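Notes to accompany the following structure.
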Amino acid sequence: MVKGRVIGRLWSTKRIDTLPQGALLDVELENGTHLVAFDPLGCGDGEQVLVTQGSVAAAFFENVKAPVDALIVGSIDEQD
Amino acid sequence: MVKGRVIGRLWSTKRIDTLPQGALLDVELENGTHLVAFDPLGCGDGEQVLVTQGSVAAAFFENVKAPVDALIVGSIDEQD
Amino acid sequence: MVKGRVIGRLWSTKRIDTLPQGALLDVELENGTHLVAFDPLGCGDGEQVLVTQGSVAAAFFENVKAPVDALIVGSIDEQD
Amino acid sequence: MVKGRVIGRLWSTKRIDTLPQGALLDVELENGTHLVAFDPLGCGDGEQVLVTQGSVAAAFFENVKAPVDALIVGSIDEQD
Amino acid sequence: MVKGRVIGRLWSTKRIDTLPQGALLDVELENGTHLVAFDPLGCGDGEQVLVTQGSVAAAFFENVKAPVDALIVGSIDEQD
(Lines give C-alpha, C1' and ligand atoms only; values in the text may rest on other atoms or scores of the structure.)
Protein backbone atom coordinates (compact mmCIF):
# COMPACT_ATOMS: atom_id res chain seq x y z
CA MET A 1 0.00 0.00 0.00
CA VAL A 2 1.05 3.60 -0.23
CA LYS A 3 0.38 6.58 2.01
CA GLY A 4 -1.19 9.71 0.63
CA ARG A 5 -3.18 12.81 1.46
CA VAL A 6 -6.61 13.59 0.04
CA ILE A 7 -6.49 16.83 -1.92
CA GLY A 8 -9.83 16.87 -3.70
CA ARG A 9 -12.62 14.99 -5.40
CA LEU A 10 -13.37 14.26 -9.05
CA TRP A 11 -16.69 13.94 -10.79
CA SER A 12 -17.26 12.01 -13.96
CA THR A 13 -20.68 12.05 -15.58
CA LYS A 14 -19.57 10.54 -18.90
CA ARG A 15 -18.31 7.19 -17.66
CA ILE A 16 -18.49 3.49 -18.38
CA ASP A 17 -21.39 1.69 -16.70
CA THR A 18 -19.24 -0.65 -14.65
CA LEU A 19 -17.40 2.17 -12.84
CA PRO A 20 -18.96 1.98 -9.34
CA GLN A 21 -20.92 4.91 -7.95
CA GLY A 22 -19.08 6.59 -5.07
CA ALA A 23 -16.36 9.06 -4.29
CA LEU A 24 -13.30 9.29 -6.53
CA LEU A 25 -10.65 11.16 -4.58
CA ASP A 26 -7.50 12.85 -5.81
CA VAL A 27 -4.69 11.61 -3.56
CA GLU A 28 -1.18 13.06 -3.41
CA LEU A 29 1.41 10.42 -2.52
CA GLU A 30 4.55 10.98 -0.46
CA ASN A 31 6.70 11.23 -3.58
CA GLY A 32 4.58 14.02 -5.03
CA THR A 33 2.75 11.95 -7.63
CA HIS A 34 -1.04 11.80 -7.73
CA LEU A 35 -3.52 9.01 -8.13
CA VAL A 36 -7.29 8.82 -8.12
CA ALA A 37 -8.68 6.31 -5.64
CA PHE A 38 -12.18 5.05 -4.91
CA ASP A 39 -13.15 5.97 -1.35
CA PRO A 40 -15.63 3.75 0.52
CA LEU A 41 -14.85 5.45 3.86
CA GLY A 42 -15.97 9.05 3.43
CA CYS A 43 -12.54 10.64 3.75
CA GLY A 44 -12.16 14.40 3.56
CA ASP A 45 -9.65 16.87 2.23
CA GLY A 46 -6.30 16.72 4.03
CA GLU A 47 -6.95 13.27 5.49
CA GLN A 48 -3.99 10.86 5.47
CA VAL A 49 -5.02 7.62 3.80
CA LEU A 50 -3.71 4.21 2.87
CA VAL A 51 -4.25 3.19 -0.77
CA THR A 52 -4.14 -0.31 -2.27
CA GLN A 53 -3.49 -0.60 -5.99
CA GLY A 54 -4.03 -3.12 -8.77
CA SER A 55 -6.44 -6.01 -9.14
CA VAL A 56 -6.84 -6.44 -5.39
CA ALA A 57 -8.49 -3.01 -5.32
CA ALA A 58 -11.15 -4.22 -7.75
CA ALA A 59 -11.84 -7.29 -5.60
CA PHE A 60 -13.55 -4.99 -3.08
CA PHE A 61 -16.59 -4.58 -5.31
CA GLU A 62 -19.56 -6.89 -5.77
CA ASN A 63 -19.15 -6.57 -9.53
CA VAL A 64 -16.02 -8.54 -10.29
CA LYS A 65 -15.57 -6.41 -13.39
CA ALA A 66 -15.37 -3.08 -11.54
CA PRO A 67 -12.60 -1.15 -13.34
CA VAL A 68 -11.04 0.28 -10.18
CA ASP A 69 -7.28 -0.05 -9.66
CA ALA A 70 -6.89 2.13 -6.55
CA LEU A 71 -8.87 1.85 -3.32
CA ILE A 72 -8.66 3.72 -0.03
CA VAL A 73 -8.52 0.90 2.54
CA GLY A 74 -7.94 2.96 5.65
CA SER A 75 -7.45 6.36 7.20
CA ILE A 76 -4.12 6.63 9.03
CA ASP A 77 -4.34 7.32 12.78
CA GLU A 78 -0.77 8.00 13.78
CA GLN A 79 2.68 6.58 13.21
CA ASP A 80 5.59 5.74 15.45
CA MET B 1 -6.67 5.46 -11.56
CA VAL B 2 -4.67 8.27 -13.05
CA LYS B 3 -5.73 11.53 -14.65
CA GLY B 4 -4.59 12.41 -18.13
CA ARG B 5 -5.33 14.48 -21.21
CA VAL B 6 -6.06 13.01 -24.64
CA ILE B 7 -3.47 14.21 -27.12
CA GLY B 8 -4.09 12.01 -30.15
CA ARG B 9 -5.12 8.68 -31.57
CA LEU B 10 -3.13 5.69 -32.81
CA TRP B 11 -3.91 3.27 -35.57
CA SER B 12 -2.56 -0.23 -35.79
CA THR B 13 -3.37 -2.37 -38.82
CA LYS B 14 -0.79 -5.06 -38.12
CA ARG B 15 -2.08 -6.30 -34.78
CA ILE B 16 -2.90 -9.45 -32.89
CA ASP B 17 -6.44 -10.73 -33.38
CA THR B 18 -7.47 -10.44 -29.77
CA LEU B 19 -6.77 -6.68 -29.58
CA PRO B 20 -10.32 -5.25 -29.53
CA GLN B 21 -11.51 -2.96 -32.30
CA GLY B 22 -11.99 0.61 -31.09
CA ALA B 23 -10.12 3.79 -30.36
CA LEU B 24 -6.60 3.65 -28.95
CA LEU B 25 -5.85 7.08 -27.55
CA ASP B 26 -2.52 8.64 -26.65
CA VAL B 27 -2.93 10.07 -23.15
CA GLU B 28 -0.49 12.40 -21.41
CA LEU B 29 -0.49 11.93 -17.65
CA GLU B 30 0.02 14.65 -15.05
CA ASN B 31 3.67 13.69 -14.60
CA GLY B 32 4.42 14.10 -18.31
CA THR B 33 4.58 10.40 -19.18
CA HIS B 34 2.37 8.94 -21.89
CA LEU B 35 0.26 5.83 -22.13
CA VAL B 36 -2.04 4.40 -24.77
CA ALA B 37 -5.54 3.62 -23.49
CA PHE B 38 -8.55 1.95 -25.06
CA ASP B 39 -11.44 4.43 -25.22
CA PRO B 40 -15.01 3.11 -25.09
CA LEU B 41 -16.45 6.62 -24.52
CA GLY B 42 -15.60 8.58 -27.67
CA CYS B 43 -13.27 11.07 -26.02
CA GLY B 44 -11.65 13.81 -28.10
CA ASP B 45 -8.35 15.65 -28.16
CA GLY B 46 -7.75 17.77 -25.08
CA GLU B 47 -10.36 15.95 -22.99
CA GLN B 48 -9.41 15.20 -19.38
CA VAL B 49 -9.88 11.51 -18.69
CA LEU B 50 -9.55 8.95 -15.94
CA VAL B 51 -7.55 5.84 -16.84
CA THR B 52 -7.55 2.45 -15.10
CA GLN B 53 -4.51 0.21 -15.60
CA GLY B 54 -3.63 -3.46 -15.32
CA SER B 55 -5.75 -6.59 -15.44
CA VAL B 56 -8.90 -4.78 -14.32
CA ALA B 57 -8.77 -2.82 -17.59
CA ALA B 58 -8.97 -6.07 -19.54
CA ALA B 59 -11.98 -7.23 -17.53
CA PHE B 60 -14.07 -4.63 -19.39
CA PHE B 61 -14.08 -6.72 -22.55
CA GLU B 62 -16.28 -9.69 -23.47
CA ASN B 63 -13.16 -11.57 -24.51
CA VAL B 64 -11.42 -12.40 -21.27
CA LYS B 65 -8.16 -12.57 -23.19
CA ALA B 66 -8.27 -8.99 -24.50
CA PRO B 67 -4.67 -7.74 -24.20
CA VAL B 68 -5.59 -4.27 -22.96
CA ASP B 69 -3.88 -2.91 -19.84
CA ALA B 70 -5.20 0.68 -19.92
CA LEU B 71 -8.84 1.74 -20.20
CA ILE B 72 -10.51 5.15 -20.16
CA VAL B 73 -13.25 4.72 -17.54
CA GLY B 74 -14.51 8.28 -17.42
CA SER B 75 -14.24 11.84 -18.64
CA ILE B 76 -13.52 14.26 -15.80
CA ASP B 77 -16.20 16.95 -15.20
CA GLU B 78 -14.62 19.23 -12.68
CA GLN B 79 -12.62 19.03 -9.46
CA ASP B 80 -12.80 20.77 -6.12
CA MET C 1 10.52 -8.71 -4.63
CA VAL C 2 12.19 -5.62 -3.30
CA LYS C 3 14.45 -5.08 -0.32
CA GLY C 4 13.59 -2.52 2.30
CA ARG C 5 14.09 -1.46 5.89
CA VAL C 6 11.30 -1.18 8.45
CA ILE C 7 11.05 2.39 9.71
CA GLY C 8 7.80 2.38 11.65
CA ARG C 9 4.26 1.13 12.02
CA LEU C 10 0.91 2.57 11.01
CA TRP C 11 -2.44 2.31 12.72
CA SER C 12 -5.76 2.64 10.98
CA THR C 13 -8.95 2.51 13.03
CA LYS C 14 -11.22 3.81 10.27
CA ARG C 15 -10.72 1.05 7.72
CA ILE C 16 -12.63 -1.23 5.39
CA ASP C 17 -13.74 -4.52 6.95
CA THR C 18 -11.77 -6.73 4.60
CA LEU C 19 -8.39 -5.18 5.51
CA PRO C 20 -6.82 -7.97 7.61
CA GLN C 21 -5.95 -7.36 11.26
CA GLY C 22 -2.20 -7.28 11.81
CA ALA C 23 0.83 -5.07 11.54
CA LEU C 24 1.09 -2.51 8.75
CA LEU C 25 4.72 -1.47 8.52
CA ASP C 26 6.25 1.54 6.85
CA VAL C 27 9.13 0.23 4.74
CA GLU C 28 11.80 2.36 3.07
CA LEU C 29 13.07 0.80 -0.14
CA GLU C 30 16.62 0.99 -1.47
CA ASN C 31 15.70 3.78 -3.87
CA GLY C 32 14.35 5.96 -1.07
CA THR C 33 10.65 5.46 -1.79
CA HIS C 34 8.29 4.13 0.87
CA LEU C 35 5.57 1.54 0.90
CA VAL C 36 3.30 0.13 3.54
CA ALA C 37 3.44 -3.65 3.83
CA PHE C 38 1.47 -6.18 5.86
CA ASP C 39 3.82 -8.02 8.23
CA PRO C 40 2.97 -11.57 9.29
CA LEU C 41 6.46 -12.13 10.76
CA GLY C 42 6.71 -9.66 13.64
CA CYS C 43 9.50 -7.55 12.17
CA GLY C 44 10.89 -4.61 14.11
CA ASP C 45 12.26 -1.17 13.33
CA GLY C 46 15.47 -1.25 11.36
CA GLU C 47 14.99 -4.83 10.19
CA GLN C 48 15.89 -5.56 6.55
CA VAL C 49 12.94 -7.22 4.83
CA LEU C 50 11.87 -8.67 1.53
CA VAL C 51 8.54 -7.38 0.19
CA THR C 52 6.31 -8.95 -2.47
CA GLN C 53 3.87 -6.67 -4.27
CA GLY C 54 0.65 -6.97 -6.27
CA SER C 55 -2.03 -9.63 -6.35
CA VAL C 56 0.33 -12.37 -5.16
CA ALA C 57 0.60 -10.50 -1.85
CA ALA C 58 -3.17 -10.79 -1.37
CA ALA C 59 -3.06 -14.53 -2.05
CA PHE C 60 -1.43 -14.98 1.37
CA PHE C 61 -4.71 -14.35 3.16
CA GLU C 62 -7.59 -16.73 3.80
CA ASN C 63 -9.98 -14.08 2.54
CA VAL C 64 -9.38 -13.98 -1.19
CA LYS C 65 -10.65 -10.40 -1.19
CA ALA C 66 -8.05 -9.08 1.25
CA PRO C 67 -7.06 -5.66 -0.19
CA VAL C 68 -3.35 -6.01 0.51
CA ASP C 69 -0.87 -5.32 -2.29
CA ALA C 70 2.40 -5.51 -0.30
CA LEU C 71 3.49 -8.34 2.00
CA ILE C 72 6.67 -8.92 3.97
CA VAL C 73 7.65 -12.46 2.96
CA GLY C 74 10.99 -12.68 4.75
CA SER C 75 13.58 -11.03 6.90
CA ILE C 76 16.96 -10.82 5.19
CA ASP C 77 19.83 -12.69 6.93
CA GLU C 78 22.87 -11.62 5.03
CA GLN C 79 23.98 -11.11 1.43
CA ASP C 80 27.04 -12.10 -0.55
CA MET D 1 -0.29 0.13 -23.33
CA VAL D 2 2.93 1.94 -24.03
CA LYS D 3 4.58 2.97 -27.29
CA GLY D 4 8.10 1.89 -28.07
CA ARG D 5 10.61 1.25 -30.81
CA VAL D 6 12.21 -2.13 -31.51
CA ILE D 7 15.98 -1.88 -31.10
CA GLY D 8 17.10 -5.50 -31.15
CA ARG D 9 16.42 -9.10 -30.33
CA LEU D 10 17.49 -11.33 -27.46
CA TRP D 11 18.25 -15.02 -27.39
CA SER D 12 18.03 -17.20 -24.35
CA THR D 13 19.08 -20.85 -24.58
CA LYS D 14 19.18 -21.46 -20.83
CA ARG D 15 15.55 -20.78 -20.00
CA ILE D 16 12.61 -22.20 -18.09
CA ASP D 17 10.46 -24.65 -20.07
CA THR D 18 7.29 -22.59 -19.87
CA LEU D 19 8.82 -19.53 -21.58
CA PRO D 20 7.17 -19.68 -25.03
CA GLN D 21 9.28 -20.13 -28.16
CA GLY D 22 9.31 -16.99 -30.31
CA ALA D 23 10.94 -13.62 -30.64
CA LEU D 24 11.94 -11.66 -27.56
CA LEU D 25 12.50 -8.07 -28.65
CA ASP D 26 14.32 -5.27 -26.89
CA VAL D 27 11.98 -2.27 -26.98
CA GLU D 28 12.92 1.29 -26.07
CA LEU D 29 9.99 3.22 -24.62
CA GLU D 30 9.31 6.92 -25.10
CA ASN D 31 10.79 7.75 -21.71
CA GLY D 32 14.09 6.08 -22.55
CA THR D 33 13.60 2.95 -20.47
CA HIS D 34 13.80 -0.50 -22.03
CA LEU D 35 11.70 -3.62 -21.77
CA VAL D 36 11.80 -7.02 -23.39
CA ALA D 37 8.54 -8.01 -25.08
CA PHE D 38 7.36 -11.19 -26.76
CA ASP D 39 6.60 -10.50 -30.41
CA PRO D 40 3.97 -12.61 -32.19
CA LEU D 41 3.88 -10.22 -35.19
CA GLY D 42 7.35 -10.42 -36.72
CA CYS D 43 8.35 -6.82 -36.04
CA GLY D 44 11.74 -5.55 -37.16
CA ASP D 45 14.34 -3.14 -35.88
CA GLY D 46 13.15 0.44 -35.79
CA GLU D 47 9.47 -0.48 -35.94
CA GLN D 48 7.12 1.49 -33.67
CA VAL D 49 5.10 -0.91 -31.56
CA LEU D 50 2.41 -1.00 -28.91
CA VAL D 51 3.21 -3.09 -25.83
CA THR D 52 0.80 -4.48 -23.24
CA GLN D 53 2.20 -5.36 -19.83
CA GLY D 54 1.26 -7.53 -16.86
CA SER D 55 -0.94 -10.59 -16.54
CA VAL D 56 -3.01 -9.68 -19.60
CA ALA D 57 0.12 -10.20 -21.70
CA ALA D 58 0.36 -13.80 -20.47
CA ALA D 59 -3.28 -14.45 -21.35
CA PHE D 60 -2.27 -14.40 -25.03
CA PHE D 61 -0.67 -17.82 -24.74
CA GLU D 62 -2.28 -21.26 -24.82
CA ASN D 63 -0.30 -22.18 -21.73
CA VAL D 64 -1.93 -20.21 -18.96
CA LYS D 65 1.34 -20.39 -17.05
CA ALA D 66 3.43 -18.64 -19.71
CA PRO D 67 5.75 -16.33 -17.76
CA VAL D 68 5.46 -13.38 -20.15
CA ASP D 69 4.65 -9.94 -18.77
CA ALA D 70 5.12 -7.86 -21.93
CA LEU D 71 3.55 -8.52 -25.34
CA ILE D 72 3.67 -6.60 -28.60
CA VAL D 73 0.00 -6.27 -29.55
CA GLY D 74 0.36 -4.07 -32.60
CA SER D 75 2.60 -2.14 -34.92
CA ILE D 76 1.74 1.57 -35.00
CA ASP D 77 0.62 2.94 -38.40
CA GLU D 78 0.45 6.64 -37.87
CA GLN D 79 -0.86 9.12 -35.32
CA ASP D 80 -2.87 12.30 -35.49
CA MET E 1 10.33 -8.63 -19.05
CA VAL E 2 13.36 -6.64 -18.01
CA LYS E 3 17.06 -7.30 -18.42
CA GLY E 4 19.35 -7.35 -15.44
CA ARG E 5 22.62 -8.61 -14.05
CA VAL E 6 22.95 -10.90 -11.04
CA ILE E 7 24.96 -9.19 -8.32
CA GLY E 8 24.45 -11.45 -5.32
CA ARG E 9 22.21 -13.77 -3.37
CA LEU E 10 19.99 -13.27 -0.36
CA TRP E 11 19.16 -15.61 2.48
CA SER E 12 16.06 -15.43 4.59
CA THR E 13 15.62 -17.84 7.49
CA LYS E 14 12.72 -15.99 9.09
CA ARG E 15 10.19 -16.24 6.27
CA ILE E 16 6.59 -17.12 5.58
CA ASP E 17 5.95 -20.81 4.88
CA THR E 18 4.64 -20.30 1.38
CA LEU E 19 7.82 -18.62 0.11
CA PRO E 20 9.33 -21.36 -2.08
CA GLN E 21 12.72 -22.85 -1.22
CA GLY E 22 15.37 -21.86 -3.77
CA ALA E 23 17.72 -19.08 -4.74
CA LEU E 24 16.69 -15.47 -4.25
CA LEU E 25 19.03 -13.35 -6.35
CA ASP E 26 19.74 -9.66 -6.18
CA VAL E 27 19.43 -8.35 -9.73
CA GLU E 28 20.52 -4.91 -10.93
CA LEU E 29 18.37 -3.65 -13.80
CA GLU E 30 19.57 -1.52 -16.70
CA ASN E 31 18.22 1.63 -15.07
CA GLY E 32 20.23 1.05 -11.90
CA THR E 33 17.36 -0.11 -9.71
CA HIS E 34 17.46 -3.48 -7.96
CA LEU E 35 14.98 -6.27 -7.52
CA VAL E 36 15.10 -9.67 -5.88
CA ALA E 37 14.08 -12.51 -8.18
CA PHE E 38 13.56 -16.22 -7.63
CA ASP E 39 16.04 -18.19 -9.74
CA PRO E 40 15.08 -21.69 -10.93
CA LEU E 41 18.04 -21.82 -13.38
CA GLY E 42 21.13 -21.69 -11.18
CA CYS E 43 22.44 -18.35 -12.42
CA GLY E 44 25.66 -16.94 -11.06
CA ASP E 45 27.08 -13.55 -10.22
CA GLY E 46 27.52 -11.32 -13.25
CA GLU E 47 25.15 -13.34 -15.43
CA GLN E 48 22.76 -11.35 -17.63
CA VAL E 49 19.20 -12.50 -17.01
CA LEU E 50 15.65 -11.88 -18.11
CA VAL E 51 13.15 -11.26 -15.31
CA THR E 52 9.35 -11.52 -15.43
CA GLN E 53 7.37 -9.60 -12.81
CA GLY E 54 3.91 -9.70 -11.26
CA SER E 55 1.37 -12.46 -10.92
CA VAL E 56 2.70 -14.37 -13.93
CA ALA E 57 5.91 -14.94 -11.97
CA ALA E 58 3.94 -16.71 -9.23
CA ALA E 59 2.21 -18.95 -11.78
CA PHE E 60 5.53 -20.79 -12.20
CA PHE E 61 5.12 -22.53 -8.85
CA GLU E 62 3.08 -25.61 -7.98
CA ASN E 63 1.66 -23.74 -5.01
CA VAL E 64 -0.69 -21.20 -6.54
CA LYS E 65 -0.21 -19.05 -3.44
CA ALA E 66 3.57 -18.69 -3.80
CA PRO E 67 4.27 -15.04 -2.91
CA VAL E 68 6.85 -14.47 -5.64
CA ASP E 69 6.49 -11.45 -7.91
CA ALA E 70 9.81 -11.68 -9.81
CA LEU E 71 11.17 -14.75 -11.61
CA ILE E 72 14.28 -15.29 -13.70
CA VAL E 73 12.92 -16.90 -16.87
CA GLY E 74 16.11 -17.02 -18.89
CA SER E 75 19.79 -16.26 -19.13
CA ILE E 76 20.59 -13.93 -22.04
CA ASP E 77 22.89 -15.37 -24.75
CA GLU E 78 23.63 -12.42 -26.95
CA GLN E 79 21.81 -9.54 -28.57
CA ASP E 80 21.80 -8.00 -32.02
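Odds and ends about this structure:
- Remark: relative contact order (chain C) = 32 percent; criterion is Cα-Cα distance under 8 angstrom and separation of 6 or more residues.
- Every Cα-Cα pair of segment D:32-71 was included, and the share exceeding 13 Å stands at 54 percent.
- For the pair segment C:3-53 and segment E:28-51, the centres of their Cα atoms are 25 angstrom apart.
- Cα-based reach from residue C:65 at 21 Å (exclusive), listing lysines while leaving out same-chain residues under 8 positions away: A:3, A:65, C:14, E:65
- Taken about its Cα centre, the protein assembly as shown carries a charge dipole of roughly 740 debye when the Cβ of each Lys and Arg holds +1 and the Cβ of each Asp and Glu holds -1.
- Dipole check for segment B:1-48: with +1 at the C-beta of Lys and Arg, -1 at the C-beta of Asp and Glu, and the Cα centre as origin, the magnitude is about 140 Debye.
- Projecting the Cα atoms of E:57, E:32, E:12 onto the charge dipole of chain E (Cβ charges, centred on the Cα centre) puts E:12 farthest toward the positive pole.
- Note on segment C:2-75: semi-axes of the ellipsoid equivalent to its C-alpha gyration tensor, largest first and rounded to whole Å, are 20, 14, 10.
- For C:1-13, mean number of other protein chain Cβ atoms within 10 Å: 5
- Förster radius 30 Å - calculated FRET efficiency between residue D:5 and residue B:62 (Cβ-Cβ, nearest 0.05): 0.40
- Simple point charges give the picture: +1 on the Cβ of Lys and Arg, -1 on the Cβ of Asp and Glu, and for chain B a dipole about the Cα centre of about 440 debye.
- Across the identical copies, the label point of residue D:17 (7 Å from Cα in the Cβ direction) is separated from its matches by 2.8, 2.8, 4.5, 4.5 nm, in order from shortest.
- Most mobile of D:24, D:41, D:50 in a GNM of chain D (Cα contacts under 10 Å): D:41
- Helix-only mean residue ellipticity at 222 nm for chain D, each DSSP H run of n ≥ 4 adding -39500 (n - 2.57), per residue, nearest 500: -500 deg cm²/dmol
- Overall Cα dimensions of the protein assembly as shown, principal axis frame, Å, largest first: 54, 54, 32
- Dipole of the protein assembly as shown, positive end: most advanced residue of B:44, C:68, D:2 [Cβ charges, Cα centre]: C:68
- Counting only protein heavy atoms and using a 1.4 Å probe, the accessible area of residue D:47 comes to about 40 Å².
- Charge sum, other residues only, whose C-beta stays under 13 Å from residue D:37's C-beta, Lys/Arg counted +1 and Asp/Glu -1: -2
- Taking trypsin sites (Lys or Arg not before Pro) in DSSP loop states with no more than 16 other Cβ atoms inside 10 Å as exposed sites, chain C has its longest site-free stretch at C:15-64.
The values are calculated or read from the model by the stated rules, or taken from the named source; none is laboratory data. Given the structure is predicted, the values throughout are model-derived calculations rather than measurements. All Cβ positions, glycine included, derive from the backbone under ideal geometry; neighbour counts span all protein chains shown. The accessibility values were calculated without ligands, DNA or RNA, using every heavy atom of the protein model including side chains. Shrake-Rupley method; radii C 1.70, N 1.55, O 1.52, S 1.80 Å.
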